[in-house]
Amino acid sequence: MPRLGLLLGGVLLAPLAGRAEGDRFPVFRDRREPAGVTFKHRSGRTGDKYLIETMGGGAAVIDYDNDGRLDLFFVNGGGLARNADGTVAIQRSRPEYFNRLYRNNGDGTFAEVAQEAGVTGAEKPYYGMGAATGDYNNDGFTDLYVTHYGGTTLLRNNGDGTFADATDAAGANVSGWSASAGFFDYDRDGDLDLFVTRYLDWSFAQRIACGESFRVYCTPKKYGAAANVLLRNNGDGTFADVSAASGIGAVAGKALGVAFNDYDGDGWTDICVANDSTAQFLFRNRGDGTFAEQALETGLAFNEDGGIYSGMGIDFADYDNDGKPDVLITNLAKELYALYRNDGPTGFTYLTRQSRLATISARLSGWGVRLADFDNDGWKDLFVAQGHVLDNIERIDESLVYRQPPLLARNIGGRFEDVSGRAGDAFSRDAAGRGAAFGDLDNDGDIDAVIGVLDNRPLVLYNNASEGKNNWLTIELVAVRSAPAGAGAVVSIAGPDGAVQRRFASTAGSYLSASDPRIHFGLGTENVVETLEVQWPSGTVQTLRKARANRLLTITEPQE
């Protein structure tokens, strides 16, 4: 994005973007092909039904070259081959199994640069899953962390268009089957720590053959749980595993998604984890380096019937504009997407039915997910990448399907309406959707979506909401004392009527994916934000007034 505009009081005002009038719900167009995004995910699926084959497909939007434009990173799976001794080899060295990085050219096209950037993943026999983004060494360039079955990889951004594998030097390798990960500053010391989910105690040797008349992927209930991992940033380019000392490692689950927010408003970042076939996790940050797992006490552990479900993707955001972050977790068909309203001191209330999500999601299976204002009307809508986990589910249940279109549900005052049918052709095309990353790819003031598709090409969906009459505001946070990109900051805006919207600065959430660190607000027909407040993790509170709409505001944290 061009860095032109007026610098005033630490705030950079980008020039006003043009808008076409006309009130209509936004349409998303898949521009993958004209954009030159040729990546195809390959799971290496076999007739042996190894569970990792159906779980991958993460994506990230990342401005790795600091040109103001979001680039695209896709995590590939790998080839699987059974050796003569019965072991299984993971193949990553052939180009069809490479991860791919696409540099945004700024004209609607992308250039594939994975090999020259050093991010193909070909050097390690790991099976790819997902990605996290953040500037872990505070050098001004965003780094990549890639999760796998077999180990993890920390890719340090060299600042010259290339990355270096810093995993071992940084002490950042996590063994086993890692899924989602996220950078965040849990101890508020100004550098980014790392949370890594681990799915199952699973290996090729432990594989169980499931299915009687035909083979199916086994339910995770057949395998043991695993503990998640918390890596504390030492501030010198290395990490320390504090999973045990922090209490994170004290509980085992079957974790897939992770998201961060401050659910109790005490100024410390909390962690919410989506678990598959076990109770969900909510780790409350005590502020002393330790966490208390309180999903049961707060009402987040189970659904309204006290049951478990197949928690996969997650978002942790304020969907009803009451100032408190809520939780949405995607599940398999017939389990319903779980929506929990944050009621403050009394905990959370399961509101899937009251919000109309029960009717919408009854036969859907969701993975990557985002609560964001896709139509710029001031309410966070729901976007879900979808597809069943079983590639032969139709043979098991004729009422269900494997490949499903994405879901777009409009938020109307806290209740959702399925508007997929009028949101563009992509919402009528079946796919085995998995990871999903979100951000403004063309810097026009609306949120676009990138969906990883299992064994196929991704969806690169451009939103045209900025062509309508609703206004918007995008905020880029530049930290001075807090962690890079203001991770953990809470940004609130108030309109003329006093209505407040609130967002938490984080790239984590969804499923196996990382999103735009910039904070986006839809403003409806208002063209001025009366009051904008940034609560920085350092403790500083910064207030701006009368911010005009339809622009990027770059807000720099005060020195003191």
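Hey, what did the chain get for relative contact order, percent, Cα under 8 Å, at least 6 apart?
On the way: 1707 pairs, mean separation 89.7, N = 560.
Contact order relative to length: 16 percent.
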>> I need the peptides 210-217, 56-63 ranked by packing, meaning the mean over residues of other C-beta atoms within 10 angstrom, with the highest value on top.
In response: 56-63, 210-217
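Could you sort out which of Lys124/Lys222; Lys124/Lys254; Lys40/Lys124 sit more than 23 Å apart by Cα distance in this structure?
Lys124/Lys222; Lys124/Lys254, as the Cα separations exceed 23 Å there.
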> Using alpha-carbon positions, what is the distance between the centroids of region 323-359 and region 35-52, in Å?
Replying inline: 32
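Quick check on packing: order 294-303, 518-527 by the mean number of other C-beta atoms within 10 Å, highest mean leading.
Going by the mean number of other Cβ atoms within 10 Å, highest first, we get 518-527, 294-303.
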> Using 0.36 nm per residue, how much length does the chain from Asp165 to Arg353 gain when fully extended, once their Cα-Cα distance is taken away?
Replying inline: 63.0 nm
> Which distance in nm do the two modelled labels at Ala81 and Arg363 give, with both placed 7 Å along the Cα-to-Cβ direction?
Replying inline: 4.2
> Can you list the cysteines of the chain that have no other Cys Cβ under 4.7 Å away?
Replying inline: Cys272
> When only Cα pairs under 8 Å and 6 or more residues apart are kept, what is the percent relative contact order across region 463-539?
Replying inline: 41
>> Please compute the length gained on full extension between Asn105 and Asp288, using 0.36 nm multiplied by the number of residues separating them and subtracting their Cα-Cα distance.
In response: 61.4 nm
>> For a test of the definition: using alpha carbon positions, the gyration tensor, and the 1.5 limit on a/c, classify region 192-305 as rounded, prolate or oblate.
In response: oblate
> From the Cα gyration tensor of the chain, with a ≥ b ≥ c the square roots of its eigenvalues, which class applies: rounded if a/c is under 1.5, or else prolate if a/b is larger than b/c, or else oblate?
Replying inline: rounded
>> Sorting check: for 48-55, 442-449, 535-542, which peptide has the highest mean count of neighbouring beta carbons within 10 Å, and how do the rest follow?
In response: 442-449, 48-55, 535-542
> Based on the alpha-carbon gyration tensor of region 434-523 and its eigenvalue square roots a ≥ b ≥ c, which shape applies: rounded if a/c is under 1.5, prolate if not and a/b is larger than b/c, or oblate?
Replying inline: oblate
>> Can you compute the label reach from Arg29? Point 7 Å from Cα along the Cβ direction, backbone N cut-off under 17 Å, restricted to region 90-113.
In response: 106-110
> What FRET efficiency would be calculated for the residue pair Ser428, Asp397, taking the C-beta separation as r and a Förster radius of 35 Å, to the nearest 0.05?
Replying inline: 0.95
> By how many nm would the segment from Ala245 to Val541 lengthen if fully extended, with 0.36 nm per residue of separation less the alpha-carbon distance?
Replying inline: 103.5 nm
> Between Ala499 and Ala209, what FRET efficiency follows from the Cβ-Cβ distance if R0 is 41 Å, with the result rounded to 0.05?
Replying inline: 0.15
> How high is the relative contact order of region 416-560, in percent, with contacts defined as C-alpha pairs under 8 Å that are six or more residues apart?
Replying inline: 24
>> Going by Cα centres, region 177-220 and region 284-307 are how many Å apart?
In response: 20
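Each value in this text was obtained by applying a stated rule to the coordinates, not by laboratory testing. Note that the coordinates shown come from a computational prediction; the quantities given were computed from them, not determined experimentally. A quick note on method: Cβ atoms are made from the backbone with ideal geometry, for glycine too, and the neighbour counts reach across all protein chains shown.
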